[in-house]
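Engineer: Dumping the structure here so I can ask a few things about it.
A short reminder: the numbers here are calculations on the coordinates, not readings from a lab. This one's a predicted model, so the numbers in the text were calculated from it and none came from an experiment. Neighbour counts are summed over all protein chains in view; Cβ atoms, including those assigned to glycine, are modelled from backbone coordinates with ideal geometry.
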Amino acid sequence: MIPDITDAPNAVELETIRGDIVFDHVGFHYNPNRPILKDVSFTIHAGDHVGLVGHTGSGKSTIANLITRMYDVISGSISIDGHNVKEIKVETLRRNIAIVSQEIYLFRGTIAENIRYARPDATMEEVIDAARAANAHDFIMRLPEGYETLIGIGSRSLSGGERQRISIARALLMKPSLLILDEATAAMDTETERLISDAIEKLIKGRTTITIAHRLSTLKDCNYLMAIEHGEIAEQGTAEELMEKKGVYYKLYTLQSEQMKKVMAGL
Ligand SMILES: Nc1ncnc2c1ncn2[C@@H]1O[C@H](COP(=O)(O)OP(=O)(O)OP(=O)(O)O)[C@@H](O)[C@H]1O
Ligand SMILES: [Mg+2]
């Protein structure tokens, strides 16, 4: 399915966005006989660092897709800074919201062009600075044609960790007001993981951020957490509040710390 989202005739263009996001009874499905989000309501305040957890397939990445309007809601509404997203120019959203994930969209073009994606006017120097900060410069320079290497459909493919660092470089260059980090499920070696988390730390500073995570340790810096289950936000609050609730988050936490103990004990 190719998303086909266009601007409403009265769509507004915003120079920047602050990042106040409101989901109001949002319902969504990709396929009518399989509802994904049933009744999702939450508020994110500009400057927040929100963590989103939930089982695989619960709809976390879908929430990110709706904020960036890759798809439109079926029922309810989403607003950003008080404007319904359907009434904000798609270009405004693309320019101000960055998603960092392994499933980043790479088009057929050079690495440099792919990093420049949201800022076509960026100079080569800016591209390289962003790639350095994203810890991507070294692997790019090891490719036969460096920044001029062709990637995307039908040409050289990159590993998940490499794609993710390209997406971090792209986001650093873009200086988005809203950042969505969609953590990879695939395991990465410790060194790559460290390179990525260092780069992400630079990226998060001073931005409204939504972090989608499987490993709860990724969420240690979030000031607010939400747990999604059965198409709804089952719990929200600070990590301490959710621990006290002994619900979804608590279960995930206990499970993960038990696994961790086993790893530490070499079992
Ligand atoms: N483009 C699509 N077309 C049809 N179904 C889709 C599409 N994208 C996702 N889905 C389905 O919607 C559900 C929610 O997917 P989503 O990617 O939002 O889950 P998630 O919570 O991000 O999972 P994970 O933790 O594995 O990343 C899944 O069952 C998935 O198979
Ligand atoms: Mg996902």
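Engineer: Spin-label point model (7 Å from Cα, Cβ direction): what's the Glu240 to Thr254 distance in nm?
Structural biologist: Calculated label separation equals 2.1 nm.
Engineer: Pairs Lys220/Lys261; Lys205/Lys261; Lys38/Lys202; Lys202/Lys262; Lys60/Lys246: which are spaced more than 23 Å apart, C-alpha to C-alpha? List each step's numbers first, then the result.
Structural biologist: Working: Lys220/Lys261 18 Å; Lys205/Lys261 32 Å; Lys38/Lys202 35 Å; Lys202/Lys262 32 Å; Lys60/Lys246 21 Å.
Beyond 23 Å between Cα atoms: Lys205/Lys261; Lys38/Lys202; Lys202/Lys262.
Engineer: Moving on. Using only C-alpha atoms and all pairs of different ones, pull out the Kirkwood radius for the stretch 1-74 in Å with one decimal. Walk me through the numbers before you get to the answer.
Structural biologist: Working: mean 1/r = 0.0713 Å⁻¹.
Answer for the stretch 1-74: a Kirkwood hydrodynamic radius of 14.0 Å.
Engineer: Sticking with this structure for a sec: What distance in nm separates the two pseudo spin-label positions at Met264 and Arg94, each 7 Å out from Cα along the beta-carbon direction?
Structural biologist: The answer from the label model is 4.8 nm.
Engineer: Over the alpha carbons of the chain, what is the largest minus smallest coordinate on each principal axis, giving the biggest first in Å?
Structural biologist: So the three principal-axis extents are 60, 53, 37 Å.
Engineer: At 222 nm, what value in deg cm²/dmol follows for the chain if DSSP H runs of at least 4 each add -39500 (n - 2.57) and the sum is divided by all its residues, to the nearest 500?
Structural biologist: Result for the chain, helices only: -10000 deg cm²/dmol.
Engineer: If you filter the stretch 100-154 for trypsin sites (Lys or Arg not before Pro), then keep DSSP loop positions with at most 15 other Cβ within 10 Å, what is left?
Structural biologist: On the way: sites: Arg108, Arg116, Arg132, Arg142; in loops: Arg108.
When the trypsin sites (Lys or Arg not before Pro) of the stretch 100-154 are filtered for loop state and at most 15 Cβ neighbours within 10 Å, Arg108 remain.
Engineer: What residue among Leu252, Thr218, Met264 has its Cα farthest toward the positive end of the dipole of the stretch 204-267, where the charges are +1 on Lys, Arg and -1 on Asp, Glu, each on the Cβ?
Structural biologist: Most positive-ward Cα: Met264.
Engineer: Given H placed 1.01 Å from N in the peptide plane, which residues other than close sequence neighbours of Thr208 have an amide H under 5 Å from its amide H?
Structural biologist: Residues meeting the amide H criterion: Gly47, Leu179.
Engineer: How do Val127, Val53 rank when sorted from fewest to most other Cβ atoms within 10 Å of their own Cβ? Mind showing how you got there, number by number?
Structural biologist: Details: Val127 23, Val53 27.
Fewest to most other Cβ atoms nearby, the residues stand as Val127, Val53.
Engineer: Treat every Asp and Glu Cβ in the chain as -1 and every Lys and Arg Cβ as +1, leave all other atoms uncharged, and give the resulting dipole magnitude about the Cα centre to the nearest 20 debye. Present the calculation step by step, with values, prior to reporting the outcome.
Structural biologist: Numbers: 30 positive and 37 negative charges, 96 e Å.
Dipole magnitude for the chain comes out near 460 debye.
Engineer: Filter the DSSP H helices in the chain by two things, a Kyte-Doolittle mean of at least -1.0 and an axial alpha-carbon span of 20 angstrom or more, and list the hits by number. Don't skip to the answer; put the middle values down first.
Structural biologist: On the way: long enough: 160-174 (21 Å, 0.00); 190-204 (21 Å, -0.11); 248-264 (24 Å, -0.46).
Span-like helices, by this rule, are 160-174, 190-204, 248-264.
Engineer: Please arrange Val248, Val22 by counting, for each residue, the other beta carbons lying within 10 Å of its beta carbon, fewest first. Intermediate results must be reported in sequence, preceding the final value.
Structural biologist: Numbers: Val248 20, Val22 17.
Least crowded to most crowded, the residues run Val22, Val248.
Engineer: Amide H of Gly19: which non-local residues (sequence gap of 5 or more, or other chain) have their own amide H closer than 5 Å, using H built in the peptide plane?
Structural biologist: Asp81
Engineer: Sorted from largest down, give the three principal axis spans of the alpha carbons of the stretch 126-267, whole angstrom values.
Structural biologist: Between the extreme Cα coordinates on each principal axis of the stretch 126-267 lie 53, 41, 27 Å.
Engineer: Using only the C-alpha atoms of the stretch 17-172, find the volume of their convex hull and express it per residue in Å³.
Structural biologist: Numbers: hull volume 20.9 nm³, N = 156.
Once divided by residue count, the hull of the stretch 17-172 is 134 Å³.
Engineer: Tell me, which longest segment in the chain has none of the GluC sites (Glu not before Pro) that fall in DSSP loops with at most 16 further Cβ atoms within 10 Å? Intermediate values should be presented prior to the final figure.
Structural biologist: On the way: sites that count: Glu13, Glu15, Glu103, Glu145.
It runs 146-267.
Engineer: Share of antiparallel DSSP beta bridges in the chain, in percent to the nearest 5? If you can, show how the numbers build up before the last one.
Structural biologist: On the way: 21 of 42 bridges.
Around 50 percent antiparallel, to the nearest 5.
Engineer: Mind checking the stretch 75-142 for chymotrypsin sites (Phe, Trp or Tyr not before Pro) that DSSP puts in a loop (not H, G, I, E or B) and that have at most 10 other Cβ atoms within 10 Å? Let's see the in-between values first.
Structural biologist: On the way: sites: Tyr105, Phe107, Tyr117, Phe139; in loops: Tyr105, Phe107, Tyr117.
Here the sparse-neighbourhood loop sites are Phe107.
Engineer: Where a ≥ b ≥ c are the square roots of the eigenvalues of the C-alpha gyration tensor, would you call the stretch 110-205 rounded, which needs a/c under 1.5, or, failing that, prolate if a/b is larger than b/c, or oblate?
Structural biologist: Numbers: a/c = 1.55, a/b = 1.09, b/c = 1.43.
Here the stretch 110-205 falls in the oblate category.
Engineer: Right, here's the next one. Considering only Ala118, Gly54, Ile78, whose Cα is most displaced toward the positive end of the charge dipole of the chain, charges sitting on Cβ of Lys, Arg (+1) and Asp, Glu (-1)?
Structural biologist: Gly54
Engineer: Could you list which residues have their amide H under 5 Å from that of Val26, counting only those 5 or more apart in sequence or on another chain, with H placed in the peptide plane?
Structural biologist: Correct list: Val40, Ser41, Ser77.
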